[in-house]
1. Can you tell me which residues in region 19-78 are without any contact (Cβ under 8 Å) to a residue 24 or more places away in the chain and not in a loop (DSSP other than H, G, I, E, B)?
2. Within the group Y146, Y126, which residue is within 19 Å of L30 (Cα to Cα), in a strand (DSSP E or B) and touching a Ser or Thr at 6+ places or on another chain (Cβ under 9 Å)?
3. Enumerate the pairs (first residue in region 1-12 and touching a residue at least 12 places away in the same chain (Cβ under 8 Å) and surrounded by 14 or more Cβ atoms within 10 Å (Cβ to Cβ); second residue anywhere and in a strand (DSSP E or B) and among the basic types (K, R)) with beta-carbon separation below 9 Å, excluding pairs fewer than 6 apart on the same chain, so at least 6 apart or on different chains.
4. Among what's in region 39-59 and is buried (at least 20 other Cβ atoms within 10 Å of the Cβ) and over 13 Å from the mean Cα position of the chain (by Cα), pick the residue that is nearest to Y146 (Cα to Cα).
5. So M160 clears everything in (1) within 16 Å of V59 (Cα to Cα); (2) in contact (Cβ under 8 Å) with a residue 60 or more places away in the chain except one condition, right? Which one?
Amino acid sequence: MERVLVIPTKIVDDLVNGNDGIFPFELEKLRDLIEKSAFFIDRDVAESDETLRQLIPYVLMRQQGKFLLLRRTKKQQERRLHGKLSLGVGGHINSGDGETPWQALLKGMEREIREEVNVEVVQLSYVGLLNDTSSPVSRVHVGLVYLAEVKFLGLNEPDMFDFWFMDLKEIERRREELEGWSKLALDFLKRPMPN
């Protein structure tokens, strides 16, 4: 039975004041909250309990100014996301990923990256907390968004994804094909970045 890392929805709601989007909270504060409040639960339970949010690292990958865009094929388990375009790489954090919730999150993020793509991560930066209440799937997940500057060497699961590298203008033209989290990530990336 797969056990996944969750945090009470109330904690997320308090942080984001019930709003959707990507919120650049201080990483130390987020780490402390996760260490104190996150725990592991059977995934079957977590997928249908809206009082809990499954913590998902969501890594945006950029190479020479262009972002990795993935399309999930029908070979993937999560049928609700088939055919959708994704800007992020990531997935569930399992109880075997680390000793503490935070350690599990970091090690689980590395595992998820390795499972999906073959990249050399040149730089990894924390971006913020992603909250999306627009669908039943997103209401039981919350994202920790990171931006990775990468050297892309290929896919580790080539039958699971189609892929492209695109700039933000090209991605915007395909907006209707994006999954919900990727739309929020695109909107965030289009904002002027502080120096």
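1. E28, K29, D32, K36, V45
2. Going through Y146, Y126 in turn, just one is within 19 Å of L30 (Cα to Cα), in a strand (DSSP E or B) and touching a Ser or Thr at 6+ places or on another chain (Cβ under 9 Å): Y146.
3. As it stands, the answer is V6/R53; I7/R53; P8/R53; T9/R53; I11/R53; V12/R53, since those pairs meet every condition given.
4. So, considering only residues that are buried (at least 20 other Cβ atoms within 10 Å of the Cβ) and over 13 Å from the mean Cα position of the chain (by Cα), the one nearest to Y146 (Cα to Cα) is L52.
5. Only one criterion in (1) within 16 Å of V59 (Cα to Cα); (2) in contact (Cβ under 8 Å) with a residue 60 or more places away in the chain is unmet by M160, namely (1).
No value in this document is a laboratory result; all are computed from the given coordinates. Just so you know, these numbers come straight off a predicted model, no measurement behind them. Ideal geometry is used to build each Cβ from the backbone, glycine not excepted, and the neighbour counts take in all protein chains shown.
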